[in-house]
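Remarks on the structure that follows.
Read-outs: derived from the displayed coordinates by stated rules, not from any lab. These numbers come from a predicted model, not from an experiment. When we count neighbours, we look across all protein chains shown, and the Cβ atoms used for this are built from the backbone with ideal geometry, even at glycine.
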Amino acid sequence: MHYEMKRMVRRLHAGLSMMMRALMLCLAVFGLSGLSGLAGCSSSNSDQPDLAEPAPPDLATAAPDLLLPSRDPSDHPQLISMRRGRGPVMDHIEVWTVVWQGDEALGDRVNRFLDWMLTSDYWAQSTAEYGVGPGVAKGVLVIPQKPPATLDDSSIDGLLQGYITSGLFPTPNGKTAFSFILSPKTMSTMFGSRGCNAYEGYHSEAQLAAGTTPYLVNLQCGSGTNFNSLTEVISHEVSEASTDPYPFSARGYVAIEDLPLGGEISDLCAGLGATYSTTQDVPDGGTEDVSYFVTRNWSNAAVKAGDRDPCQPVVNNRPYFNVAVNPINVLVDTSAGDDITEVDAAYEPYALGDVGLIKWSLAYEPDSGITVVPSSGQGKAGQTIPLKIRVASTVRAGTYAIYLITDSAHGGGNQWVSTITVQ
């Protein structure tokens with residue numbers, strides 16, 4: 001959301017990005033109670049004249065049952081899995097941290113973070129199943145200029161090649177990734193999108209004389225500097241650069257090719273990070289206790305098991321819960337030419353343990369011409385709540401995201417991503 005933005009902005013639905021992880025539960029949440037079956041009612045009044053006794057009801061015709069079938073509380077649609085494209089993974093990524101003059105201390109701090117992350121249990125637990133092993137934090141490269149006012153993505157290939165040719169940057173070796181840390185004073189732009197509005201980071205590939213090389217752009221968004229936010233972005237982009245290093249020329253692990261919010265291993269867990277504590281050496285001797293906030297990553301193994309949180313590693317003992325949209329991909333055929341095409345679907349709250357009432361809300365409308373009704377609600381695991389997808393004739397054919405934010409009475413939060421395919 002932590003998002004492969006360069007590819008996304010080339011598509012019709014540009015601008016959806018990792019910014020989504022920062023969305024709060026800001027939409028109104030209303031209760032949905034189970035609907036009871038219809039029953040006839042009668043009333044009596046002693047002041048009214050006697051009436052003929054009504055005919056008995058025809059029991060052969062049952063009253064309509066408005067209750068949807070109940071489900072096992074843990075039942076849910078099959079979750080999506082990461083699929084390997086024809087491209088490789090970077091099994092032992094080597095990351096160079098790139099900063100501009102004046103940010104040397106920040107660069108050193110980021111390099112120390114990477115030194116921990118790329119050899120940590122966290123890294124193994126969230127990437128090893130995709131064939132990724134320990135990586136190396138190579139050090140800090142300082143561009144001998146003040147941070148630019150704007151850094152457009154189109155300039156990065158030339159920037160890298162220029163510094164490699166001059167000898168300031170090393171020649172990439174096939175495992176190299178250059179990770180840019182932008183100053184808060186630098187505006188990142190890409191195909192008309194602006195950083196910190198549409199995205200907080202992205203990774204891509206540069207065409208260099210030494211070969212195609214991954215690079216990362218990591219932003220510092222918000223007032224002041226928040227190192228936790230920065231490490232979450234960096235861990236997100238390094239995870240995806242390791243498992244999908246060449247997102248344009250040779251795809252690695254992706255989920256759904258046209259998923260509007262991005263379909264790499266960190267995208268589907270964006271905003272659901274975790275804090276890890278460790279002890280590290282400090283440059284002037286001694287050690288210090290530090291905490292780092294990092295992304296979690298989508299796990300095919302957890303999806304296959306079906307009984308655990310698909311975002312790994314698990315960081316608390318709460319049972320996993322969510323609210324699914326069934327079907328996961330809602331097909332809407334607008335070929336009839338109606339002003340509004342309506343399709344039925346369902347919300348399906350589920351949990352792998354007792355979490356109490358589950359609430360959800362739509363993070364944003366998929367498109368100005370697409371309406372999801374209701375857009376928020378609450379229910380218990382095992383309930384099935386009807387929803388309707390209404391698509392106006394003005395909506396162009398394509399894939400749109402249904403993005404839910406969920407929380408439970410017992411605490412914790414998750415998110416659900418489904419799609420609407422308009423034909």
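Which of the lysines could a cross-linker span from LYS359 if the Cα-Cα distance has to be under 26 Å and same-chain partners fewer than 8 positions apart are dropped?
Result set, ordered by chain and number: LYS304, LYS380, LYS388.
Which value does Rg/Rh take for region 319-422 over its C-alpha atoms, Rh per Kirkwood?
1.02
Among VAL372, GLY411, ILE358, flag the residue with its Cα farthest along the positive direction of the charge dipole of region 319-422, charges on Cβ as +1 for Lys/Arg and -1 for Asp/Glu.
With unit charges placed on the Cβ atoms, the residue in question is GLY411.
Quote the relative contact order of region 70-157 in percent (integer), defining contacts as alpha-carbon pairs under 8 Å separated by 6+ residues.
It comes to 38 percent, rounded to a whole number.
Which percent, nearest 5, of DSSP beta bridges in region 319-422 are antiparallel?
90 percent
Dipole magnitude of region 113-249 about its Cα centre, charges +1 at Lys/Arg Cβ and -1 at Asp/Glu Cβ only, in debye to the nearest 20?
460 debye
Once you charge only the Cβ atoms, +1 for Lys and Arg and -1 for Asp and Glu, what is the size of the charge dipole of region 319-422 about its Cα centre, to the nearest 20 debye?
Result for region 319-422 is approximately 200 debye, rounded to the nearest 20.
If we count other beta carbons within 10 Å of each Cβ, what is the order of VAL303, VAL372, fewest first?
Starting with the residue having the fewest Cβ neighbours, the order is VAL303, VAL372.
Mean separation of Cα pairs under 8 Å and 6+ residues apart, divided by the residue count of region 319-422: what relative contact order is that in percent?
Dividing the mean separation by the residue count of region 319-422 yields 36 percent.
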